[in-house]
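The values are calculated or read from the model by the stated rules, or taken from the named source; none is laboratory data. Not measured: the values here are computed from a predicted model. Ideal geometry is used to build each Cβ from the backbone, glycine not excepted, and the neighbour counts take in all protein chains shown. Areas reflect the complete protein model, heavy atoms only, side chains present, ligands, DNA and RNA absent. Shrake-Rupley method; radii C 1.70, N 1.55, O 1.52, S 1.80 Å.
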Amino acid sequence: MSRATDESPALQAWPAEPSSLTTGAEGREPAGTDNGGRRSRRRRTTVHTAKPRFSFREYGQYRELFINLTLRELRSKYKRSVIGWGWSMINPLANMAIYTIVFSMLFRIKAPLGVPSVLNSYALMYLCGMLPWTMWQGSIMESMTALLGNQNLIQKTYFPRELIPGATVASKLVSHFIEMSLLMVVIVAVGDWRALVYLPVVLVTIALVVIAALGMALIFSLGNVFYRDIMHFSNILFFIWMFLTPVTYPWYLVAGGLDGGGNFQPPRLVHLLGHTFSLGTLFKLNPMTDAVLSFQSLIYDGALPSSQHYTAYYPITSTGAQGPLTHGYVGAIVSWGDYAYLAAWAIAVFVVGLWLFRRYEARLPEEL
Amino acid sequence: MAVPVVSAEHVSKKFRLYHERNNSIKAAVMRGGRNKMDEFWALDDVSLEVHEGSTTGLVGANGSGKSTMLKCLARILRPDKGSVSTVGKMSALLELGAGFHPELTGRENVFLNGAILGLKQKELQDRFDDIVDFAGIGQFIDEPVKNYSSGMYVRLGFSVAINVEPDILLVDEVLAVGDEAFQRKCLERFSDLKYNGKTVIIVSHSMQSVLNMCDHAIWFQRGKKMADGDPRSVVEAYTGAIVLDEHRPTEKGDRWGSGEARIERVELLDEEGREVTRVRSGEPLRVRLSYATSEPVARPVFSVSVQTLQGLVVSTPTTREADLVPEKLDGTGRVELSLPRLPLLPGTYDLTVSVTDFTLAHPYDVRRNVARFDVDRKGQTEPDGIVSLGGSWGFDA
Ligand SMILES: Nc1ncnc2c1ncn2[C@@H]1O[C@H](COP(=O)(O)OP(=O)(O)OP(=O)(O)O)[C@@H](O)[C@H]1O
Ligand SMILES: [Mg+2]
């Protein structure tokens, strides 16, 4: 039935091979001397099979593309808007103002006392947690849109598809750096220089959040192509998640500690299945709690997160006077164990995300 | 033996066909976690090799898997079985335009695509003018590509694809969108590429361009490779198969119309009135149509259309130009078109006959490719072409 001919007579009639091709049967990267005298180019043999790619070598040749995609994300965001990049500053500041009014003025939640920075500002505490949170949430949410929005590229050209969520995360990271730098300037101006000393730890913590965000972005953007509900569901998920993370309220309300008025708040306890837990322990199951607390501790308090466990301190009374030496929990508490938990989680999310993405990315051109 | 630069080994590709496609978790849960779907093999165990410096044409009916094959070669689709290996830089211009982002300007897209093909910013800058020149879209380069016409879109896409100096170029059927001038430029570029030892794989439905450009052709049918080799024989096998397909005595498909008047029989007759399927160039031929009506029809027009196997219409004489339109036609009868000297050059031709109303807009009965005949050479004939213009030569010294 089939008239297929693997070896057609015409094969022999083809023009003689130009000399450039010297590949052996399993030869890789034969040297090419084509282009009529241009510099010789190495030519790669690419093999494409049913199995997923698991090599990292090809990333090298796509560096340029990655930069291009990232810049595009950054530029396209505020295209055709008058204020343009101003929005990236206005948004967090507006959020800050709203939360400060609602939480600090209406609900009269006292800001935590920064030890040793002696900062006492709800707005600054909020920014320390909110900026990383915005990067985290924005990376994941926008990756989903980006993967859908680049349908045409994915269906017509080949490149490692994870570059698209990757570029979105990178663009968020760039904005995050700008915002964080401004926050640092403010903190150093009104508060404590120690935040600068701990800058390397801040950077490591940012790196952990970014790694986790990348993993989540890979999972969510891929999943969203198959089930578009994920995007809608994520709006709710991140809203709830944010309130389960001490971004908008101080940590002492959960785990106890010193409030800005110099009063020691007791830890909250919860009774669950016949056991009693401290609410702080439950909150710590959420690794983003550790991340946010680390930022608050490093930037707002001006202290290493782990040093905040149990400290002797001079409480500041409501009149601003210094009280007698007291012992107690202060500040945002992240033990080294918590920090390791955060790191392990971030790496696990990233590995799982990359693995899932590579496992299913081949179906993207068909499913989009 | 030459080493292939593109080789596909036992490549199979399946698509999932979702009935009532619904990308939502609710739908998935209601189906019990599984999508109700059929599998469909768009490519079924296809192996092929393309050698350096060749121009290969992929031919086949719509939906036969040509574009799917090209996407597997371009690494856009991953085969479910088998493997594809390629040597050197590949650039592809797939069906329905290039991989452009509609919101970006032409310029931004050029840089984006260049980066995808692995060019450095600097190298692209050097080539940018060439790319814009070749595309010939002028100041539109700074417009978002969503505002481009489809021809401009393809022009820019093609211009990028060839100006990045690929070793292998894949082109899917898109050039037909370009205007005459652009198509000509493209053909020149293809021959440049060939001259420089580059490899080109094109998908085309124009058998003429496959024959003109390619030195190798592959015919796909329903996801299988049917023939592979010299373009002339592959194209003949393919077009022959179409003709065979269409000559099966099916009443449906090749016949349509409202049916008040019907053409019951079509005969090709030679001088002596014998029925023939083979005639000689320049000899007499008569086409006789037998009709029957189910109710009286006013002012019917009969026509006979002669086509080449590639679908080119050579001529469509009708009874209207002959001023032979009866006011009313009823019952049965015959109409005859008589050609005293058949001007067709040797080859195979198809006849499509029809009876319509006077405006030609309403068909009573159309029978497509109802008869096929071969024209043989008679004495000296012209080497190339479809019809003989007749005429005579003379020197004027
Ligand atoms: N993403 C997809 N999902 C499901 N089926 C698909 C998909 N892409 C292609 N197909 C099916 O695969 C078959 C082969 O399609 P393909 O585009 O390769 O045909 P083709 O030979 O290029 O046809 P044409 O001449 O019309 O361009 C078709 O039946 C098509 O419906
Ligand atoms: Mg196609």
Notebook entry, point to check: What's the longest bit of chain B with no exposed GluC sites (Glu not before Pro), using DSSP loop states and at most 16 other Cβ atoms within 10 Å as the test?
Noted result: B:104-250
Next item on the list: Would you please classify the overall shape of region B:144-263 from the alpha carbon gyration tensor, given that a ≥ b ≥ c denote the square roots of the eigenvalues, rounded means a/c under 1.5, and beyond that prolate means a/b larger than b/c while oblate covers the rest?
Entry: oblate
Item checked: By accessible area with a 1.4 Å probe, ligands and nucleic acids excluded, highest first: order of B:Lys71, A:Lys77 -> A:Lys77, B:Lys71
Next item on the list: For chain B, find the longest principal axis of its Cα atoms and tell me its angle to the long axis of helix B:150-163, 0 to 90°, nearest 10.
Entry: 50
Notebook entry, point to check: What do you reckon, how do B:His10, B:His101 stack up by accessible area (1.4 Å probe), largest on top?
Noted result: B:His10, B:His101
Margin query: For a quick check of your reading of the filter: which trypsin sites (Lys or Arg not before Pro) in region B:147-202 sit in a DSSP loop and have no more than 16 other Cβ atoms within 10 Å?
Written below: none
Notebook entry, point to check: Under a no-solvent Debye model with one identical scatterer per Cα of chain B, what's log10 I(q)/I(0) at q = 0.07, 0.13 Å⁻¹?
Noted result: -0.48, -1.14
Checklist line | Alpha carbon centroid spacing (whole Å) that separates region B:264-342 from region B:41-100 | finding: 44
Checklist line | Value of relative contact order over chain B, rounded to a whole percent, pairs C-alpha under 8 Å and six or more apart | finding: 14
Item checked: Viscosity 1.567 mPa s, temperature 4 °C, Stokes-Einstein D of the protein assembly as shown from Kirkwood C-alpha radius, µm²/s -> 41
Notebook entry, point to check: Hey, if we sort B:Arg107, A:Arg194 by accessible area with the 1.4 Å probe, largest down, what's the order?
Noted result: B:Arg107, A:Arg194
Checklist line | Contact order relative to length of region A:88-367, as percent, for alpha carbon pairs under 8 angstrom and 6 or more apart | finding: 26
Checklist line | Unit charges at the beta carbon, dipole of region A:88-367: most positive-side option, A:Tyr227, A:Ser181, A:Ala170 | finding: A:Tyr227
Check: Which entries of A:Lys156/B:Lys71; A:Lys51/B:Lys66; B:Lys14/B:Lys224 show an alpha-carbon separation above 20 angstrom in the structure shown?
Finding: A:Lys51/B:Lys66
Notebook entry, point to check: Stretched out fully, how many nm does the piece from B:Glu264 to B:Arg286 gain, at 0.36 nm a residue minus the Cα gap?
Noted result: 6.3 nm
Checklist line | Estimated FRET transfer efficiency when R0 is 22 angstrom, pair A:Arg108-A:Leu182 (beta carbons, to 0.05) | finding: 0.20
Check: With labels modelled as points extended 7 Å from the Cα through the Cβ direction, what inter-label distance (nm, one decimal) is found for A:Ala94 paired with B:Phe395?
Finding: 9.0
Notebook entry, point to check: Tell me, what is the percent relative contact order of region B:166-238, built from C-alpha pairs under 8 Å that lie six or more residues apart?
Noted result: 26
Next item on the list: Report, to the nearest 10°, how far helix B:121-135 tilts away from the longest principal axis of the Cα atoms in chain B, using its own Cα long axis and a range of 0 to 90°.
Entry: 20
Item checked: Rounded FRET efficiency, nearest 0.05, which uses the C-beta distance separating A:Glu366 from B:Asp129 and R0 of 41 Å -> 0.65
Check: Dipole magnitude of the protein assembly as shown about its Cα centre, charges +1 at Lys/Arg Cβ and -1 at Asp/Glu Cβ only, in debye to the nearest 20?
Finding: 2460
Notebook entry, point to check: What total accessible area, in Å², is buried where chains B and A meet, using a 1.4 Å probe and rounding to the nearest 100?
Noted result: 5700
Check: For the charge dipole of region A:88-367, defined by +1 on Lys and Arg C-beta atoms and -1 on Asp and Glu C-beta atoms about the Cα centroid, which residue among A:Gln151, A:Ala348, A:Leu131 has the Cα displaced farthest towards the positive pole?
Finding: A:Gln151
Margin query: Helix B:180-195 against the longest principal axis of chain B: what's the angle in degrees, Cα atoms only, rounded to the nearest 10?
Written below: 60
Next item on the list: From zero up to wherever the largest Cα-Cα distance of region A:88-367 sits, split into 5 Å bins and tell me the percent of pairs in each.
Entry: 1, 6, 12, 16, 17, 15, 12, 9, 6, 4, 2, 1, 0, 0, 0
Notebook entry, point to check: What FRET efficiency would be calculated for the residue pair A:His271, A:Leu237, taking the C-beta separation as r and a Förster radius of 30 Å, to the nearest 0.05?
Noted result: 0.65
